[in-house]
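One structure is given here, and the rest of the page talks about it.
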Amino acid sequence: MTRIGIILGSTRPNRNGEQVARWVLDVAKQRTDAEFELVDLRDYPLPHLDEPVPPSMGQYRNDHTKQWAAKIASFDGFVFVTPEYNHSTSGVLKNAIDYLYAEWNNKAAGFVSYGSVGGARAAEHLRLIAGELQIADVRQQVALSLSTEFENYTVFKPRPNQEPQLTTLLDQVVAWSTALEPLRK
């Protein structure tokens, strides 16, 4: 069965992303065409990239890198849940992505972003990164505005139109992940 990792790209105290990631997981778990797992970067405390050899060489020396690599390698595709910080994604998510190379290749990804303009700029930066890592990013995106999707900017209350958008994103990620399977072998 196709396995999709939902990567929670924030580790801040009181982060909004946890509510968003759990919503994504709750919607995804209603499906029968793939298995979904929440991957919280708090569970993978990676220091700033500290591998002596570039990730494209696949010669990981540190245990934290090996653990992270094994987790990412176990998936066929991803949904990145990203905040927008300073017109980009979070530093912790970028660092986690930068640790690996082959483990990302020939997999699909979708983006659920949140921020003052729905996190759109964070998702755009992640699309550029995905291209370099040979991740096929799907067209559909879920962009959640802090002013319309969060009560008092902190309590996540998605509008009814967001779930169909998320369903389309999941449809695309599962379809592309399945289609790319021959390339991963």
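Numerical summary
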item: For the chain, calculated [θ]222 nm from helices alone, where every DSSP H run of n ≥ 4 adds -39500 (n - 2.57); result: -11000 deg cm²/dmol
item: Most mobile of 165, 59, 19 in a GNM of the chain (Cα contacts under 10 Å); result: 59
item: Helix axis angle, 63-73 relative to the chain longest principal axis, alpha carbon, degrees; result: 70
item: For residue 177, net neighbour charge (Lys/Arg +1, Asp/Glu -1) across residues whose Cβ lies under 15 Å away; result: -2
item: Formal net charge of residues neighbouring residue 84 (Cβ-Cβ distance under 15 Å; K, R +1; D, E -1); result: +3
item: Dipole in debye (nearest 20) - region 3-184, about Cα centre, beta carbon charges: Lys, Arg +1; Asp, Glu -1; result: 140
item: Computed Kirkwood radius, in angstrom, where 1/r is averaged over Cα pairs of region 114-167; result: 12.1
item: Under 5 Å, built H, 5+ apart or other chain: amide partners of residue 144; result: 113, 114, 115
item: Cα centroid of region 43-76 to Cα centroid of region 118-167, whole Å; result: 26
item: Alpha-carbon spread of the chain, three principal axes, descending order, Å; result: 45, 33, 25
item: Two-decimal log10 I(q)/I(0) for region 39-100, as the Debye equation yields it once each C-alpha is a single scatterer, q = 0.18, 0.27, 0.30 Å⁻¹; result: -0.67, -1.31, -1.45
item: Charge dipole (region 9-108, unit charges on Cβ, about Cα centre) - positive-most of 67, 10, 24; result: 10
item: Contact order relative to length of the chain, as percent, for alpha carbon pairs under 8 angstrom and 6 or more apart; result: 24
item: Cross-link pairs beyond the 18 Å C-alpha cut-off, checked among 29/185; 29/107; 71/107; result: 29/185; 29/107
item: Within region 45-99: Cβ-based charge dipole about Cα centre, in debye rounded to nearest 20 (Lys, Arg +1; Asp, Glu -1); result: 80
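Throughout, read-outs are computed from the coordinates displayed, never taken from laboratory work. Everything numeric here is computed off the predicted structure, so don't read it as measured data. Ideal geometry is used to build each Cβ from the backbone, glycine not excepted, and the neighbour counts take in all protein chains shown.
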